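Structure record follows, encoded as structure tokens.
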2 protein chains.
Amino acid sequence: MTSTTHRETQIVADPDVPLVRIIREFDAPPEKVYRAHVDPELVARWMGPKDLQVRIESWDCRTGGSWRFVNIAGGEEYAFRGCFHEVRPNELIVQTFTWEGMPDGVALEKLSFEVLGNGRTRLTTTSLVDSFEGRDGFLASGMEVGVNEGYEKLDDLLARS
Amino acid sequence: MTSTTHRETQIVADPDVPLVRIIREFDAPPEKVYRAHVDPELVARWMGPKDLQVRIESWDCRTGGSWRFVNIAGGEEYAFRGCFHEVRPNELIVQTFTWEGMPDGVALEKLSFEVLGNGRTRLTTTSLVDSFEGRDGFLASGMEVGVNEGYEKLDDLLARS
């Protein structure tokens, strides 16, 4: 149980390009929100839906590094991986993203950490793929559950730390 | 001087998404064309326009690796860098690409090496960005000179090796 306030997450399909934009505010400064994305011990505590376990296999979050994690649900494992194109402290992470079950599907993701003042942060994540079918399939996959529940766990983590 | 045949390169702007497709055939099997993209000593011998020098600073061409090179023209240096999302031998390279002079512009590139038979290969490179303005700026930048001249040097390299 926690009394942390959970803000609304906006998930928007771009009208012109095959991109999804996810916008969320946090009651913590960019340095703390950024750190929760960079430190694998912190990432493992908030990423993804509530009912899944996360096993981080590698999380070398620096420009030119790479990452891989496994979601575990009911004995099944789902692995995801990518590389970190650029890691600009407290400002920007650009990375690639693939679910290994569909290895030819690759998304280019940009996470921008924006100062809102009063110790708050707006995090905007864009996810770009090479077709509208792929983008719309991603939107229809139930991804909002993992996004919303993950960010609620992140709210709680930020409030405690 | 060389008598190598140089095939035509097709450079096509996708009508639906901000992507450029570059298609080129080579008179060598996929293994050789692939190796010329993976081995930095070979890459340095063909990549880019004829009148530029290339200095490869790093070229760790494996899944999760990264790369950086510098073009030198008339004393000026232009640096490019990215990470290798996936390297699937003789088949596929997925990488990111940024010109450091415009560090927020990132392209997601896929290089597919396709067997044509008779010892030939079709290489298809797609370059995806997040806006049509960015894609059309890339097309208008004179990039076809570097692509065409680079692939002519690659023809020569493949014919000699």
What are the pairs, 6+ residues apart or on separate chains, where a residue within region A:92-104 that is within 8 Å of chain B (Cβ to nearest Cβ) and under 20 Å from A:GLY64 (Cα atoms) has its Cβ under 9 Å from a residue that is in a strand (DSSP E or B) and of a type in the set (Val, Ile, Thr)? A:VAL94/A:VAL87; A:VAL94/B:THR96; A:VAL94/B:THR98; A:THR96/B:VAL94; A:THR96/B:THR96; A:THR98/B:VAL94
Kindly list the number of the only condition in (1) at pLDDT 95 or above; (2) within 14 Å of chain A (Cβ to nearest Cβ) that fails for B:PHE26. (2)
Filter region B:62-72 down to residues that are open to solvent by 20 Å² or more (accessible area, probe 1.4 Å), more than 8 Å from chain A (Cβ to nearest Cβ) and touching a residue at least 24 places away in the same chain (Cβ under 8 Å), then give me how many there are. 1
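Residue-by-condition table, conditions (1) closer than 25 Å to A:ARG135 by Cα; (2) within 13 Å of another protein chain (Cβ to nearest Cβ); (3) modelled with pLDDT of 95 or more; (4) in contact with a strand residue (DSSP E or B) (Cβ under 7 Å, 6 or more places away or on another chain):
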residue	(1), (2), (3), (4)
B:GLY75	no, no, no, no
B:PHE84	yes, yes, yes, yes
B:SER112	yes, yes, yes, yes
B:THR121	no, no, yes, yes
B:THR124	yes, yes, yes, yes
B:SER127	yes, yes, yes, yes
B:SER141	no, no, no, no
B:TYR151	no, no, yes, yes
Candidates B:ALA28, B:ALA44 - the one that is under 23 Å from B:PHE84 (Cβ atoms) and over 13 Å from the mean Cα position of the chain (by Cα): B:ALA28
May I ask you to list the residues in region B:9-43 that are under 27 Å from B:VAL70 (Cα atoms) and open to solvent by 40 Å² or more (accessible area, probe 1.4 Å)? B:GLN10, B:ILE11, B:VAL12, B:ALA13, B:ARG21, B:GLU25, B:GLU31, B:LYS32, B:ARG35, B:ASP39, B:PRO40, B:GLU41
Considering A:VAL145, A:VAL115, A:VAL129, which residue is within 14 Å of the chain's Cα centre (by Cα) and open to solvent by 20 Å² or more (accessible area, probe 1.4 Å)? A:VAL145
Test for B:VAL17: is it of a type in the set (A, V, I, L, M) and either within 14 Å of chain A (Cβ to nearest Cβ) or within 25 Å of A:SER58 (Cβ to Cβ) (or both): yes
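The values are calculated or read from the model by the stated rules, or taken from the named source; none is laboratory data. Bear in mind the structure is a predicted one, so any value in this text is a computation, not a measurement. Heads up, the Cβs are rebuilt from the backbone with ideal geometry, glycines too, and the neighbour counts pull from every protein chain shown. Heavy atoms of the whole protein, side chains included, go into the accessibility calculation; ligands, DNA and RNA do not. Shrake-Rupley method; radii C 1.70, N 1.55, O 1.52, S 1.80 Å.
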